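Input: a single structure, listed below in structure tokens.
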Amino acid sequence: MAERSHGPSIMRLFYSVAIWMTFIHCSNGIPWTQEKLHHRAITLTQDEIRAALSHTDLDQMWQRDLRPLLVTRYPGSAGSQAVQEHVKTTLGSLGARWEVTEDKFMSETPYGPLPFTNLIATLNPSAKRRLVLACHYDSKYYAPQWHGREFQGATDSAVPCAMLLEVARALDEELKAQKSSNPNLTLQLIFFDGEEALFQWTPTDSLYGSRHLAQKMESTPHPAGATDTNQLHGIDLFVLLDLLGAPSPHIGNQFPNTTPWLSRLQNIEKRLHSMNQLVDHPISVEYFWPNRPVGHIQDDHVPFLNKGVRILHLIPSPFPSVWHTFDDNEQNLDRATIQNLNKILQVFVLEYLNARPAVPSTPSTPSVSSNPQNAP
């Protein structure tokens, strides 16, 4: 009887310890890997939006970042190496102090083994959770008989890459401040190599970089030293940009579980329109269509989707008319659309990261008593 009388006390102690251990491993009672499902973005005021967007400049972006990307840049080419150096130099020059790592590997292709390099830029590597913006920087390969004509791949995908660099540069001060204000959530930029098929699209001749990186992230503990979580668990939302830069894109909804974030982009577009922040954007123009389902598209998100990562795919449907033609060049880009998408994306990033820009204070109007002579 004496031994049995201790049973309930031991069980109560066991359950108390279990509950306490669960609590200390969670944030607000939620495991950190599930916080993404409960994340709430802020809504910037109009003054904060104006302050944030005052640093973005389409003309400078065009010269600094877009034109250096408009070169032949298939995997292993001199153009590919030049683009890699441009991305690393650009991000390395910013005050937010990005950590840029390279994921280099060799892969068998229809043309034999080729080198590939993914670039991963992380604002705060110690943060558990990441908002990921991704694009591919390689251009489609054309066989030697096409030489003499350079395939620029402007929408596919030089513009999305330039947009990511502009996010980092235009929001440099805000992102620098966000590193200390919210140490558990950060921004990560991924530039994939080898998205395009080198010969013909198959499961093995396509998505070279994203297939490799998704596998690598799955096998890399995160946070450092973790035994049951990896870098994929750290991705809140994987936002992939592709085929952007042509006029009047219609971006539909491929994934119901991220509809709220596509709806937020739609909301930001409407808010910026009402503030006259968008150019050549009549009321009839709308880029984001969360209520328009579209079929799944093969792109760099697929290896991550297959491993359970939540995806927001910013790709127009239908594709631009210049897709995979030699007319996908600088001359056929729509400057207004690119400028507008830059602004929408930058506001989205700040709001997701809960990062409020500093609003410049306006000098107060002197009163009559403080300026008795009413001097100008």
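Every number here is computed from the coordinates shown, using simple stated rules; none is lab data. Note that the coordinates shown come from a computational prediction; the quantities given were computed from them, not determined experimentally. With ideal geometry, Cβ positions are generated from the backbone for all residues, glycine too; neighbour counts draw on all protein chains shown.
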**Report entry** Evaluated over the range 171-325, the Cα radius of gyration and Dmax, each in Å
**Finding:** 17.6, 53
Report summary line: Expressed to two decimals, the range 284-344 has a Cα Rg over Rh, using the Kirkwood radius, of 1.00
Report task. Just the number, please: percent antiparallel of the DSSP beta bridges in the chain, rounded to the nearest 5. Result -> 50
Query raised in the report: Helices from the chain with mean Kyte-Doolittle at least -0.5 and a Cα length along the axis of 15 Å or more, per DSSP H: which?
Result: 7-24, 78-92, 159-170, 335-352
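By how many nm would the segment from ARG335 to GLN200 lengthen if fully extended, with 0.36 nm per residue of separation less the alpha-carbon distance?
Numbers: separation 135, 0.36 × 135 = 48.60 nm, distance 3.18 nm.
Contour length minus Cα-Cα distance gives 45.4 nm.
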**Report entry** Rounded, prolate or oblate (a/c below 1.5 giving rounded, otherwise prolate when a/b exceeds b/c) for the range 174-237 by Cα gyration tensor
**Finding:** oblate
Query raised in the report: Are there GluC sites (Glu not before Pro) in the range 100-158 that DSSP marks as loop and that have at most 16 other Cβ atoms within 10 Å, and which are they?
Result: GLU150
Report summary line: Taking every alpha carbon pair in the chain and sorting the distances into 20 angstrom bins from 0 up to the bin holding the longest one, the percent per bin comes out as 27, 52, 15, 6, 0
Requested in this report: Per residue, how big is the convex hull around the C-alpha atoms of the range 205-275? Give it to me in cubic angstrom, could you?
Outcome: 156
Query raised in the report: How many percent of the alpha carbon pairs in the range 135-191 exceed a separation of 16 Å?
Result: 58
Query raised in the report: In nm, what is the difference between 0.36 nm times the number of residues separating ASN276 and MET106 and their Cα-Cα distance?
Result: 56.4 nm
Query - Pairs beyond 29 Å (Cα-Cα), from LYS270/LYS307; LYS128/LYS343; LYS104/LYS343; LYS307/LYS343; LYS140/LYS270; LYS176/LYS307 - result: LYS270/LYS307; LYS104/LYS343; LYS307/LYS343; LYS140/LYS270; LYS176/LYS307
Query raised in the report: Using 7 Å Cα-to-Cβ label points, what is the ALA41/GLN81 separation (nm, one decimal)?
Result: 4.0
Query raised in the report: Computed on alpha carbon atoms, what radius of gyration and Dmax characterise the range 25-110, expressed in Å?
Result: 19.7, 54
Query raised in the report: Looking at the range 45-113, which trypsin sites (Lys or Arg not before Pro) are in a loop (DSSP not H, G, I, E or B) and have at most 15 other Cβ atoms within 10 Å?
Result: ARG97
Report summary line: Per GNM of the chain with C-alpha springs under 10 angstrom, the most fluctuating residue out of THR337, THR43, THR204 is THR204
Report summary line: Here the gain from full extension of TRP323 to ASN184, 0.36 nm per residue of separation minus their alpha-carbon distance, amounts to 46.1 nm
Report summary line: Env charge @ ILE190, Cβ radius under 11 Å, K,R +1 / D,E -1, value -2
Report summary line: Going fewest to most other Cβ atoms within 10 Å around each Cβ, SER210, SER317, SER181 line up as SER181, SER317, SER210
Query raised in the report: Check HIS136: other-chain or 5+ apart residues with amide H under 5 Å from its amide H, H built from backbone geometry?
Result: PHE192
Query - Net dipole in debye of the range 42-82 [+1 Lys, Arg Cβ; -1 Asp, Glu Cβ; about Cα centre; nearest 20] - result: 280
Query - Whole-number D in µm² s⁻¹ for the range 125-260, Kirkwood Cα-pair radius fed into Stokes-Einstein, 20 °C, 1.002 mPa s - result: 125
Query raised in the report: With no solvent and one point per C-alpha, what does the Debye sum give as log10 I(q)/I(0) for the range 62-151 at q = 0.20, 0.21, 0.23 Å⁻¹?
Result: -1.07, -1.14, -1.27
Report task. Can you tell me the FRET efficiency between ARG292 and ARG50 if r is taken as the Cβ-Cβ distance and R0 is 25 Å, rounded to the nearest 0.05? Result -> 0.25
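Please return the longest stretch of the chain lacking exposed loop sites, where chymotrypsin sites (Phe, Trp or Tyr not before Pro) count only if DSSP places them in a loop and at most 16 other Cβ atoms lie within 10 Å.
Counting only loop sites that pass the neighbour cut-off, the longest clear stretch is 202-322.
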Report task. Give the shape of the range 240-330 as rounded, prolate or oblate, defined through the alpha-carbon gyration tensor: a ≥ b ≥ c are the square roots of its eigenvalues, a/c under 1.5 means rounded, and otherwise the shape is prolate if a/b is larger than b/c and oblate if not. Result -> oblate
